[in-house]
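The values are calculated or read from the model by the stated rules, or taken from the named source; none is laboratory data. Because the structure is a prediction, the values reported are computed rather than measured. Here Cβ is always computed from backbone atoms with ideal geometry, including for glycine, and neighbour counts include all displayed protein chains. Calculation scope for accessible area: heavy atoms of the full protein, side chains included, ligands and nucleic acids excluded. Shrake-Rupley method; radii C 1.70, N 1.55, O 1.52, S 1.80 Å.
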Amino acid sequence: MDLLALPAFADNLIWMLHDDVNAIVVDPGAASPVKNALRERGLRLAAILVTHHHPDHVGGLAELQPLVQGPIYGPAREAMPVTVEKLSHGMAFELPGLHVRVLDVPGHTAGHIAYVATEPGRAPWLFCGDTLFSAGCGRLFEGTPAQMQHSLSELAALPDATSVCCAHEYTLSNLRFARTVEPHNTALAEYETRCKALRAEGAWTLPSTIATERAVNPFLRVREPEVVASARAHGAASTDPVDVLAALREWKNTF
Ligand code: ZN
Ligand code: FE
C-alpha cells in the first residue's frame, strides 16, 4: 500500500492508502481532492473511514457516497451526514490488503475514534483525526482532560514504528509551544530543525511516528519532570498527568 496526503482547506490532510487499484480515504472534509486523486491514478474508492463529526472531516461524504464501492465507516456515538457503519472500541474489519482496528479516543469530540491499519509485514498506520497532532493534540471541544489523557496514552502505547497520520499539518506551530514547555529536550530541538527544513521545501512533516511523538510531544510526556514543572508554573493543580495535561492544553489555547 502507498500513502498519499491530499491537502484540503488551509491545513487539513486527507489521507489516502492505495495499492494502485483500490483506495481508502480518511476524513474527506472535501470531495474534490479525493476525486482528483482517484481520477489521476485510475483508482477505485473502496472505503471511507471517518474519525469524528467536524465539518472539515465529513464535508465531502455526501458527494463521495455515490462513488464508494464499499463501506463508509464512522464513530458509533456521533451524528454523521450520511449513513455509516458504526464503529466503537475494539471493533475490527478487513479492507483489501488491510486489517483495521478501532480505538475510542474521546477528548477533542465525545465520540472520536481512531483507526490502526495494518498490512502484513509492515508497521501500522494510525489515523488519529484531531486527537493527536505532531508535537500537539486537539482542543478539548467536547471531552475532559482525563478523557484526552487516557486517549493519548493509548495511542502512545502503539508500536514505535507506527506511522502517525494526523488530520492537520500543525507541526511547526505546535513545536514552538513544545520548545517553550521543554527547552532542554534535545530530541525536540533536532526535530524542529528537521521539520522546518521539510516545510521550507514545501513537504509535509507528516506522517510522524509514535517513537517521535513519545520523544517530542509534551502532551504524551506529562510524566517528564521538565513538562511537569512547566505545567505547574502554568496552573497545574498537581503533578498528576491529568492535571498536567489540563494545564498544558489551557496554556496552549492562548499561546
Ligand atoms: Zn476536529
Ligand atoms: Fe479538524
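Here's a check for you: in the stretch 168-211, which residue that is acidic (Asp, Glu) and assigned to a helix (DSSP H, G or I) is nearest to ligand 1 (Cβ to nearest atom)?
Of the residues in the stretch 168-211, the ones acidic (Asp, Glu) are 169, 182, 190, 192, 201.
Narrowing the set further to residues that are assigned to a helix (DSSP H, G or I) leaves 190, 192.
Numbers: Glu190: 29, Glu192: 25 Å.
So the residue we want is Glu192.
Looking at the stretch 48-58, can you tell me whether even one residue there is in contact (Cβ under 8 Å) with a residue 40 or more places away in the chain, among the β-branched types (Val, Ile, Thr), under 18 Å from Pro106 (Cα atoms) and part of a loop (DSSP other than H, G, I, E, B)? Show your work before the answer.
First, the residues of the stretch 48-58 that are in contact (Cβ under 8 Å) with a residue 40 or more places away in the chain: 49, 51-54, 56-57.
Adding the requirement that they be among the β-branched types (Val, Ile, Thr) leaves 51.
Restricting the remaining residues to those that are under 18 Å from Pro106 (Cα atoms) gives 51.
After this cut, where a residue has to be part of a loop (DSSP other than H, G, I, E, B) as well, the list is 51.
Within the stretch 48-58, one or more residues are in contact (Cβ under 8 Å) with a residue 40 or more places away in the chain, among the β-branched types (Val, Ile, Thr), under 18 Å from Pro106 (Cα atoms) and part of a loop (DSSP other than H, G, I, E, B).
Can you find, within the stretch 19-30, the residue that is nearest to Val164 (Cα to Cα) among those that are surrounded by fewer than 23 Cβ atoms within 10 Å (Cβ to Cβ) and more than 16 Å from ligand 2 (Cβ to nearest atom)?
To start, the set of residues in the stretch 19-30 that are surrounded by fewer than 23 Cβ atoms within 10 Å (Cβ to Cβ) comprises 19-22, 29-30.
In the following step, the residues that additionally are more than 16 Å from ligand 2 (Cβ to nearest atom) were identified as 19-22.
Details: Asp19: 19, Asp20: 22, Val21: 24, Asn22: 21 Å.
The residue in question is Asp19.
Given the conditions (1) within 25 Å of Ser88 (Cβ to Cβ); (2) within 16 Å of ligand 1 (Cβ to nearest atom); (3) in contact with a helix residue (DSSP H, G or I) (Cβ under 6 Å, 6 or more places away or on another chain), report the number of the one that Val25 does not fulfil.
(2) is the only condition that Val25 fails.
Within the stretch 105-158, can you find the residues that are away from ligand 2 (no atom under 16 Å from the Cβ) and assigned to a loop (DSSP other than H, G, I, E, B)?
Glu119, Pro120, Gly121, Arg122, Ala123, Pro124, Ala135, Thr144, Ala157, Leu158
Suppose we keep only residues that are in contact with an Asp or Glu (Cβ under 9 Å, 6 or more places away or on another chain) and open to solvent by less than 40 Å² (accessible area, probe 1.4 Å) within the stretch 35-55. Which one would you say is farthest from Ala76 (Cα to Cα)? Break it down into steps so the answer makes sense when it comes.
Step one: filter the stretch 35-55 for residues in contact with an Asp or Glu (Cβ under 9 Å, 6 or more places away or on another chain), giving 35, 41-43, 48-54.
Remaining after also requiring open to solvent by less than 40 Å² (accessible area, probe 1.4 Å): 43, 48-52, 54.
Details: Leu43: 28, Ile48: 15, Leu49: 12, Val50: 11, Thr51: 10, His52: 10, His54: 14 Å.
Once the filter is applied, the top-ranked residue is Leu43.
Hey, can you tell me all the residues within the stretch 92-131 that are among the hydrophobic types (A, V, I, L, M, F, W, C), without any contact (Cβ under 8 Å) to a residue 40 or more places away in the chain and surrounded by 19 or more Cβ atoms within 10 Å (Cβ to Cβ)? Explain how you work it out, then say what you get.
Taking the stretch 92-131 as the starting set, the residues that turn out to be among the hydrophobic types (A, V, I, L, M, F, W, C) are 92-93, 95, 98, 100, 102-103, 105, 110, 113-114, 116-117, 123, 125-128.
Next, from what is left, pick out any that are without any contact (Cβ under 8 Å) to a residue 40 or more places away in the chain: 92-93, 102, 110.
Matches in the stretch 92-131: Val102 only.
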